[in-house]
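What follows is calculated from the coordinates using simple rules that are stated; it is not laboratory data. Here the structure is a predicted model, which means the values were calculated and not measured. Cβ atoms come from the backbone with ideal geometry, glycine included; neighbour counts cover every protein chain shown.
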Amino acid sequence: MTALSKTQRIAAFSLAGAALILFVVFRPSPLHVDSGTVTKGTLQVVLDAEGYSRVRDRFVIGAPVSGRLARVAFREGDSVAKGDTVSELLPAELDAREFRQASARAAAARAAYDEALARERQATIGFEQAGRRSVRYGNLYSEGAVSKESFELARNEADMRLKEAEAARSAASSARFSFEAQQAVIDRQTAGTPVRIVSPVSGTVLRLHEQSERVVPAGAPLFDIGDPSAIEIVIDLLSTDAVRVKPADRVLIEEWGGGKVLEASVKRIEPSGFAKISALGIEEKRVNIIASLSRKESRLGDNFRIQAKIVLDEKSRVLLVPVSSLFRTTAGWKVFIIENGKAAARPVRIGLRSAFYAEVLDGLDEGDRVVVHPTNELRDGMRVAFEN
């Protein structure tokens with residue numbers, strides 16, 4: 001083979017250098033991308049929603065008859081005892097028709113009182129039976145005959161039956177006071193005999209609907225009385241989200257003003273939804289979720305605004321990848337992993353998903369760097385640049 005002359009060698013080197021320069025000049029520059037790292041941690045699948053706090057057992061005391069209400073000496077926040085007179089009502093003189101109406105209302109109040117007494121007896125029997133079952137299961141648990149879960153269920157049922165019995169007792173007392181107030185209207189001998197309005201329970205005055213002296217119609221609300229330390233949380237969700245919630249799910253109470261996260265649990269899901277107009281003017285079907293606090297918080301009062309997170313599922317020490325790095329293809333989920341300055345499409349299998357992270361079951365390792373928010377310009381094998 002004939003050796004190249006000096007001129008030919010110079011020309012060849014010049015052509016090779018020119019080709020290299022053209023390759024460097026016209027080669028596509030790396031695509032700038034955002035990146036994230038695959039890490040291990042705890043993943044929570046939550047529903048975020050607004051809610052409010054309310055007193056669990058609220059008693060609204062209304063005017064038993066029409067008449068002139070005396071000025072109320074109590075203020076909101078004052079404590080009252082069961083049977084205390086909170087105000088007096090001076091009814092107007094009754095004519096024959098009004099007397100018949102008052103008699104009918106007294107008879108209805110008597111029937112409601114009898115029904116409340118029956119409910120109280122039923123709740124008392126249920127509590128006594130649950131108490132005996134709790135004691136029996138406690139003895140069986142100490143002997144190893146039943147599981148701890150069965151014993152705890154029996155004990156919790158006894159506690160629940162106790163609360164039901166107390167509520168039924170209070171309802172019976174309220175019905176009795178209502179009956180006595182109605183009966184007092186027809187029992188008075190002369191017009192001008194005042195009707196005492198008494199508190200059916202011991203508690204705190206939560207709200208005064210009327211404070212100054214004025215004429216009020218029968219049934220008009222006058223006072224709200226309850227125990228402000230017995231607080232429950234009301235969270236309204238879209239009905240499509242509410243079906244995912246289960247009793248005993250964890251609830252995290254945030255942004256209530258106290259600076260710490262309060263723990264609660266779902267007590268019940270109300271069976272009936274309601275319509276609500278959203279901020280965009282769209283009618284939505286929503287459902288109230290009732291949660292009870294794990295520990296009492298004295299600073300959280302009635303009708304306070306809160307932000308809640310309902311934990312639907314939770315896993316610890318799982319491999320996490322940003323949800324924004326995932327994209328779906330016909331073959332399934334994929335991510336772009338960054339290797340040696342290039343983006344490589346890699347199939348992955350995911351499990352739980354939250355708003356920001358997803359659980360990686362297969363396809364990635366801890367410490368892998370992935371492209372976050374991949375654009376349509378990104379292709380498999382393309383050079384990329386990112387900031388650490």
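In this entry, region 52-92 is assigned a mean projected area of 4.1 nm², taken as a quarter of its C-alpha convex hull surface. Computed log10 I(q)/I(0) for region 94-190 at 0.15 Å⁻¹: -0.67, from the Debye equation with unit scatterers placed on every C-alpha and solvent omitted. Toward the positive end of the charge dipole of the chain, with +1 on the Cβ of Lys and Arg and -1 on the Cβ of Asp and Glu, the farthest Cα among 153, 123, 212 is that of 153.
In the chain, once you exclude exposed GluC sites (Glu not before Pro) (DSSP loop, at most 14 other Cβ within 10 angstrom), what's the longest stretch remaining?
No qualifying site falls inside 256-365, the longest such stretch.
Can you find, among 85, 275, 39, the residue farthest towards the positive end of the dipole of the chain? Put +1 on the C-beta of Lys and Arg, -1 on that of Asp and Glu. It is 39, whose Cα lies furthest towards the positive end.
Taking amide H as placed 1.01 Å from N in the peptide plane, the amide H of residue 220 sits under 5 Å from that of 63, each at least 5 places away or on another chain. Give me the net charge for the shell around residue 257: Cβ to Cβ below 12 angstrom, other residues only, Lys and Arg +1, Asp and Glu -1. Spelling it out: positives minus negatives among the neighbours equals 0. Once volume of the Cα convex hull per residue in Å³ is calculated for the structure shown, the corresponding label among (1) 131; (2) 123; (3) 258 turns out to be (3). What is the angle, in °, between the Cα long axis of helix 148-187 and the longest principal axis of the Cα atoms in the chain? Nearest 10 is fine, range 0 to 90. With rounding to tens, the tilt is 40 degrees. Past the 20 Å Cα-Cα mark, which pairs from 246/309; 246/267; 267/315; 163/296? From 246/309; 246/267; 267/315; 163/296, over 20 Å: 267/315. Remark: C-alpha extents of region 306-388 on the principal axes read 46, 28, 24 Å, sorted largest to smallest. In order along region 65-76, phi translates into HN-Hα couplings of 9, 6, x, 8, 7, 6, 4, 7, 8, 7, 10, 4 Hz, rounded to whole numbers, per the Karplus curve 6.51 cos²θ - 1.76 cosθ + 1.60 with θ = phi - 60° and x for Gly and Pro. Both numbers refer to the Cα atoms of region 132-270; Rg and Dmax are 22.6, 70 Å.
For region 112-120, 3J(HN,Hα) computed residue by residue from phi via the Karplus equation (6.51, -1.76, 1.60; θ = phi - 60°) reads 5, 5, 4, 5, 5, 5, 5, 5, 5 Hz, glycine and proline entered as x.
Amide H to amide H, with H built 1.01 Å from N, residue 373 comes under 5 Å of 325, counting only residues 5 or more places away or on other chains. Qualifying trypsin sites (Lys or Arg not before Pro) in region 217-296, where qualification requires a DSSP coil assignment and no more than 11 other C-beta atoms within 10 Å, comprise 260, 295, 296. Dipole magnitude for the chain: about 980 debye, using +1 per Lys or Arg Cβ and -1 per Asp or Glu Cβ, origin at the Cα centre. The phi torsions of region 48-59, fed into the Karplus equation with coefficients 6.51, -1.76 and 1.60 and a -60° offset, translate into couplings of 8, 7, 8, x, 8, 9, 8, 5, 5, 10, 10, 10 Hz, rounded to whole numbers, with Gly and Pro shown as x.
Here's how it looks for residue 195: its modeled amide H is under 5 Å from those of 89, 90, which are all 5 or more places away or on a different chain. The Cα center of region 91-157 and the Cα center of region 46-60 differ in position by 24 Å.
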